[in-house]
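The values are calculated or read from the model by the stated rules, or taken from the named source; none is laboratory data. None of these values were measured; they are calculated from a predicted model. Here Cβ is always computed from backbone atoms with ideal geometry, including for glycine, and neighbour counts include all displayed protein chains. For the accessible areas, the whole protein counts, side chains as well, though only heavy atoms, and no ligand, DNA or RNA atoms are used. Shrake-Rupley method; radii C 1.70, N 1.55, O 1.52, S 1.80 Å.
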Amino acid sequence: MVEFADQQVIVVAGDPQGGVSSSLLWMLSGAYRVDASRMPAYLVAKDSKLGTAQQHGTLAKAASLFGHRQAGGRDPDLLLAIDDVDPANERRLERIAAFIAANPRHRFVIGTRSNCASAVAAAIEKAGAGSVTAHLAPFGRSELRTLATTIRSGATGDVERIYGLIQAHNLPSTPFTMVALIAVLAAGQGVGTDLNQSSLLDAFVNVLLGGGEFADLEHLGMDYRKRVHMLGEFARALYNSPEQIMPVPDAERMLLDYFERRDLPLSAGAVLRSVVDRHVLVIENEQVGFRSEALYHLFLGRWMLESPEHKEEMLADPARNSAAITHAAGLDRSDRELLARVGEFSRGVIGAVALRLPRSEVDRLLKQFDGPDAWNLEALEKTLADLPERQSQTELDAELDRMSEALGGGGEVVASPALEALAELEAATQLLSSVLRNSELVDDVELKRELLKLAVEGWVLVMGAMLAEDVHGESIRTMILEAAGQQLENAEHADALTRVVLLILVLISAGIAADRLGGANLAATLEACLEDQDFTGSETAFALAVWIQAHLGRPEWPARLDELLMRLSPRSFLRNATVAIAISGYRALGDEGLAEKLRSVLSERLTPPARGGGAAAMQRAANKEQIAKSLLQSRRKYQGIEAGGRELGLPALGPAD
């Protein structure tokens with residue numbers, strides 16, 4: 001509100017459905033409360049007749065929205081909001097800018113899209129007026145949490161599910177999207193303990209397309225099923241368009257042909273406007289397409305399920321059609337043929353890499369990354385003390401938002417054979433992991449176990465591909481070392497930085513693997529795989545499987561953790577990472593029984609073996625008791641429990657069992 005006193009023009013920029021229009025109205029309301037001498041007024045740019053003979057009528061109508069009626073006198077000073085300003089219409093923008101420059105007594109707030117803000121501001125400046133630009137930030141977790149609890153009490157658990165869907169499918173982080181997804185979860189459509197993202201996205205579409213409407217409220221002759229089928233055909237019509245858009249006239253002709261082939265006497269133009277108004281399609285610069293890429297892939301996946309011919313067409317190129325195939329699996333969930341075909345494709349890609357980089361080589365490469373044992377008896381107290389304290393929900397939300405922004409892409413992709421090979425391997429492994437997780441109703445246990453082992457192998461090879469040297473000097477390791485060498489003159493420092501970056505990339509890959517394969521419906525399949533000695537013969541595969549169990553919080557994972565720690569050498573990267581994951585999970589656990597099992601395993605495996613007779617055994621027992629106490633104190637501190645407190649029912653400090 002202070003800006004209005006100092007600036008004639010404020011440009012408010014945001015994404016579509018990002019709250020720009022609401023922000024303009026809120027700013028008008030707030031500014032009027034501060035300075036009632038100016039009359040608030042609002043108009044949409046496409047209806048603007050500023051700079052024409054109809055200018056006076058335009059301003060009168062804009063002010064009338066807030067109760068002002070023209071009495072024949074001088075027009076009042078205005079707080080004028082002009083919404084949806086599009087620089088693509090250069091003549092209209094020039095007229096608006098000229099009006100602004102010619103009327104310094106008014107104050108203006110201009111609404112536009114984020115990618116248009118600079119052009120709008122430049123046009124205003126060219127006309128002779130100044131402006132400031134305010135960018136609307138996407139909704140973060142804190143804003144989503146507030147919105148969720150405002151709409152329905154106790155909805156905080158929805159936040160991570162909604163945010164996971166938005167991040168996985170690059171949906172716009174806008175108030176409209178958030179409200180629609182909250183409404184989906186509030187209605188309980190398809191909600192389960194392991195709801196796949198395709199089902200949640202489909203439920204979101206159900207809300208947009210009127211799945212609960214029992215009458216043709218628009219009088220267009222359409223219903224939910226017709227809209228879904230039509231949009232599937234529209235998605236296929238966009239398949240060969242590089243940007244998945246087409247001119248509006250072409251879209252209307254496509255829909256007209258669609259209706260004629262079904263002998264449906266419906267208006268293509270009216271139906272097109274309807275699905276645009278329902279926020280599924282969008283029209284920009286006379287081009288029409290899906291409002292988000294996620295919706296395009298969802299409807300292409302729906303189209304894929306309409307007939308065997310459609311499915312065969314998509315499966316002919318799994319790499320290109322991976323998103324649609326994943327959605328098809330998530331919507332059907334029982335298609336054995338689809339799962340087997342994806343497995344066949346992924347086996348070819350993973351197998352080709354395994355010929356050059358077997359799991360045993362990945363194990364060897366990771367053993368080269370030995371480091372200090374941060375969890376030995378002498379270092380444990382300091383390491384536990386240095387672990388981060390528990391953050392408040394607001395602090396955690398802000399940190400996760402910063403991480404999402406940092407990892408959200410952007411910048412140029414470096415062209416490299418090593419990166420291209422890694423991208424192909426990772427894409428095939430991600431596709432297999434996602435389709436496998438979405439296929440819980442497939443009644444072929446052996447196939448699912450076989451493909452889960454293959455998916456884990458794929459992730460192991462992704463980790464190894466980052467570390468492996470290449471005979472042609474095109475390895476990712478070499479690329480990172482060269483980049484580090486440009487920043488650091490000391491070769492040893494550059495090598496140390498390279499090792500750190502590589503290990504971070506390995507852990508990120510492991511985290512993605514745990515997220516993709518960490519579905520509750522795969523827990524029994526994973527446990528069965530861990531009984532296979534050939535599968536667990538690779539330390540890296542064994543560790544990754546146990547990390548996935550940790551991600552799931554399975555009751556059997558302390559026992560598997562015990563087996564793994566017995567195999568790993570004290571200074572190895574895998575052991576350090578495994579202990580870090582285990583202690584992090586232990587500190588945050590609310591399940592006291594599982595936490596106590598973890599404390600028992602950790603205190604046993606972190607205590608060095610006794611070397612000698614009875615005195616050495618007694619010393620080991622004392623050391624084990626001290627480690628157990630240190631772990632419990634660290635957990636109490638993290639969870640905000642005083643030394644003598646029992647708020648969470650934590651056991652009293654004492655010897656480990």
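Against the empirical curve 2.2 N^0.38 Å, the C-alpha radius of gyration of region 218-278 lands at a ratio of 1.07. Rounded to a whole number, what % of the accessible area of region 216-301 do carbon and sulfur atoms account for, probe 1.4 Å? Ligands and nucleic acids excluded, carbon and sulfur give 51 percent.
Taking all protein chains as they are arranged and a probe of 1.4 Å, the heavy atoms of Lys453 leave approximately 60 Å² accessible to solvent. For region 224-318, the Kirkwood hydrodynamic radius from C-alpha pairs, put into Stokes-Einstein at 20 °C and a viscosity of 1.002 mPa s, yields a diffusion coefficient of 158 µm² per second.
Across region 512-527, computed HN-Hα scalar couplings (Karplus, 6.51 cos²θ - 1.76 cosθ + 1.60, θ = phi - 60°) run 5, 4, 5, 5, 6, 9, x, x, 4, 6, 9, 4, 5, 5, 5, 4 Hz from first to last residue, x flagging Gly and Pro. Based on the Cβ-Cβ distance from Lys46 to His229, what FRET efficiency comes out when R0 is 35 Å, to the nearest 0.05? My answer for the efficiency is 0.65.
These residues, Lys637, Lys311, go from largest to smallest accessible area, 1.4 Å probe, as Lys637, Lys311. Gyration tensor analysis over the Cα atoms of region 289-363 returns equivalent ellipsoid semi-axes of 28, 15, 10 Å (largest first, whole Å).
Shown are Met254, Met304, whose ranking by accessible area with a 1.4 Å probe and every protein chain present, most to least, is Met254, Met304. The calculated pair-distance distribution of region 535-609 uses every alpha carbon pair, bins of 5 angstrom beginning at 0, and gives 3, 16, 32, 27, 15, 6, 0 percent.
Our estimate of slack between Asp443 and Asp317, defined as 0.36 nm per intervening residue step minus the Cα-Cα distance, is 42.8 nm.
Protein heavy-atom surface of region 515-597, 1.4 angstrom probe: 51% of the accessible area is carbon and sulfur, with nucleic acids and ligands not counted.
The lysines whose alpha-carbon is closer than 19 Å to the alpha-carbon of Lys49, local same-chain residues fewer than 8 away aside, are Lys61. Amide hydrogen proximity for Val9: with H placed 1.01 Å from N in the peptide plane, the residues at 5 or more positions away or on another chain lying under 5 Å are Phe108, Val132.
Summary value for region 498-653: 16 percent relative contact order, contacts being C-alpha pairs under 8 angstrom separated by 6+ residues.
Across all C-alpha atoms in region 497-631, the radius of gyration and Dmax reach 15.9, 49 Å.
Straight Cα distances below 24 angstrom link Lys637 to the lysines Lys382, Lys597, Lys624, Lys629, with same-chain residues fewer than 8 positions distant left out. Counting only protein heavy atoms and using a 1.4 Å probe, the accessible area of Trp547 comes to about 20 Å².
Applying the Karplus relation 6.51 cos²θ - 1.76 cosθ + 1.60 with θ = phi - 60° to region 354-359 yields 3J(HN,Hα) values of 5, 5, 8, 9, x, 4 Hz, where x marks Gly and Pro.
Measuring only protein heavy atoms, the 1.4 Å probe finds Glu604 accessible over about 50 Å². In terms of accessible area, using a 1.4 Å probe and ignoring ligands and nucleic acids, Met230, Met618 rank largest first as Met618, Met230.
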